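As C-alpha cells, the structure follows; a few thoughts come after it.
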C-alpha cells in the first residue's frame, strides 16, 4: 500500500512539474514582457528560462520526497512511542 502511494505521489509531482516547466518554456518569449517592455530584459529572461524550468522540476521532486520522508519519520516515531509505552506498562 505504501509503495502505491509513493508511486502515485511521485507520478503526480513529476507530471505537474513537467507540465508547469513546459508551459514556462513554451511561453518564454511572451512572459518576459510581464516584467518589462525593454528588449534587453525580455532577452535576458528568455536566456534564464531553461534554468528556471530545471529549477521547477527539481524543487517539486525535492518537496515531494521531503514530504514522503517526513511522513515515514512521523510513522516510525508513533511506533517507537507505542513500544516505549508498552514497555513502561509491563514494568508497573
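Bear in mind these aren't lab numbers, they're just calculated from the coordinates by the rules spelled out. This one's a predicted model, so the numbers in the text were calculated from it and none came from an experiment. Here the Cβ positions follow ideal geometry from the backbone for every residue, glycine too, while neighbour counts run over all protein chains shown.
Within the range 24-60, restricting attention to residues that are surrounded by 11 or more Cβ atoms within 10 Å (Cβ to Cβ) and either in contact (Cβ under 8 Å) with a residue 60 or more places away in the chain or not in a helix (DSSP H, G or I) (or both), the residue that is nearest to the chain's Cα centre (by Cα) is 27.
Of all residues in the range 5-23, count the ones that are exposed (fewer than 14 other Cβ atoms within 10 Å of the Cβ) and under 11 Å from residue 56 (Cβ atoms).
3
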